[in-house]
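The values are calculated or read from the model by the stated rules, or taken from the named source; none is laboratory data. It should be emphasised that the depicted structure is a prediction, and the values quoted were computed from it without experimental measurement. Here Cβ is always computed from backbone atoms with ideal geometry, including for glycine, and neighbour counts include all displayed protein chains. What goes into the accessible areas is simple: the full protein's heavy atoms, side chains included, and nothing from ligands, DNA or RNA. Shrake-Rupley method; radii C 1.70, N 1.55, O 1.52, S 1.80 Å.
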Amino acid sequence: MEEKQKKIIVTGAQPTGMFHLGNYLGAVKNWRTLQHDYECFFFIPNLHSITVPPYVPAELRKRTYSMLAQYLACGLDPESSHMFAQSSVVGHTELSWILGCLTPVGQLFRMTQFKSKSENNDFVGSGLLYYPILMAADILLYNADCVPVGEDQKQHVELTRDLAIKFNQTYSETFKVPEPYILKTCARVYSLQNPTKKMSKSDANKKGTVFLFESPEDIQKKFRSAVTDSGSGIYCDPEKPGITNLVEIFAAVTEQSIEAVENQYRSYDYGTFKNVVAEAVIEHLKPIQAKYAELMADQTYLQSVLDKGREFAQKCANRMMAKVYRKAGMI
Ligand code: TYM
């Protein structure tokens, strides 16, 4: 019997440092559950991470290996998925040029991420404006069906869809139009210090962001000082963004439904519930932290994973770029 072709997933996380709970619960933990049902390209978008200079090249190199170790420590399987650095595959930047020529510049200026990242910056490089086109190229190069991301990346996937349609109409049917895959809970994990703002690596208030590889003491402290709401009771409500965020985090790390958590903890006071969440997060992260330390000590292995992933990805990219250039009249 002919084997049914798996649908394709493309996604990645910038090598800008350590994952925080937002990256993990909103993205990577979900990728893990999808990896055996889809053909997955989990790449490391290192070209994207130079769009907000300055950066230190040696540091970026180290962070790229660290990001791979984080993927693996979080349970992504290099045997069944393709993991590689974006810069190591020829095709991402080539395709982004072709797509860029189809993109109205006004649409790029309207991107929420462009606006927030260019705000209050003396220098705004063109790369930051071009960023969503490179992301569209990452996705279309492998003809993805589905792009699992957090809520903050949805607008970029919508642009990708627009560009796939535009290319198909301008030249001829080439790309599938990919769907974003966004979780119902944890699509946006919020800062513990400001529960209306997403948890972010670049937040100036480090107390709001819980990193995956922090010590249990620091994690405990951050949850203890989490900003909560007035009133009482542990349940989700738009009027209670602080408690809603904690309930979502707790439900995700303990693999329970929101309702189950609300039923069990509804009568707890805020302080006690914060401790319960901290303990659950610490326990959940223990094996991930141990695995990460082990992986980081073996750079030869990390390089072999990247080499294997790159080899496969390059073949796919070559096929797609040959098609794209042919359709676009390039010789
Ligand atoms: P990045 O590196 O900022 O984030 C990696 C993933 O984590 C998600 N995420 C969150 N989810 C929930 N709550 C949060 N507070 C939170 N913060 C981050 C992001 O949505 C993302 O899924 N542009 C991308 C990288 C990229 C990419 C791509 C992704 C480049 N090319 C192609 C998919 C496909 C980015 O900067 O993600």
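Find out how many positive minus negative residues lie around N168, taking Lys and Arg as positive, Asp and Glu as negative, among other residues whose Cβ is under 13 Å from that of N168. Result for the neighbourhood of N168: +3.
Carbon-plus-sulfur fraction of the accessible area of the chain, 1.4 Å probe, in percent?
53 percent
Computed over protein heavy atoms with a 1.4 Å probe, the accessible surface of the chain works out to 48 Å² per residue.
Dividing the convex hull volume of the Cα atoms of the stretch 95-208 by its residue count, what figure in Å³ per residue is obtained? Mind showing how you got there, number by number?
Working: hull volume 12.5 nm³, N = 114.
So the per-residue hull volume is 109 Å³.
In square nanometres, what is the average projected area of the Cα convex hull of the chain? Spell out each step's value before the answer.
Numbers: hull surface 76.7 nm².
Averaged projected area of the chain's Cα convex hull equals 19.2 nm².
For T272, the solvent-accessible surface with a 1.4 Å probe is about 60 Å², rounded to the nearest 10. Rounded to the nearest 500, what is the 222 nm mean residue ellipticity of the chain from helices alone, with -39500 (n - 2.57) per DSSP H run of 4+ residues and division by all residues? Computed ellipticity for the chain at 222 nm equals -16000 deg cm²/dmol. The alpha carbon centroids of the stretch 132-166 and the stretch 71-118 are separated by 8 Å. Only protein heavy atoms count here; on that basis, with a 1.4 Å probe, E279 has an accessible area of about 90 Å².
When the surface is traced with a 1.4 Å probe over the full set of protein chains, L25 keeps roughly 10 Å² accessible.
Taking only complete DSSP H runs, can you tell me which helices of the chain stretch 20 Å or more along their own long axis by Cα positions and average at least 1.0 on the Kyte-Doolittle scale?
Values: long enough: 57-73 (24 Å, -0.41); 126-141 (22 Å, 1.54); 154-170 (24 Å, -0.79); 270-296 (37 Å, 0.13); 299-327 (41 Å, -0.83).
Membrane-span-like by this rule: 126-141.
Derived from the Cα gyration tensor, the three semi-axes of the equivalent ellipsoid of the stretch 206-293 are 23, 15, 10 Å, largest first.
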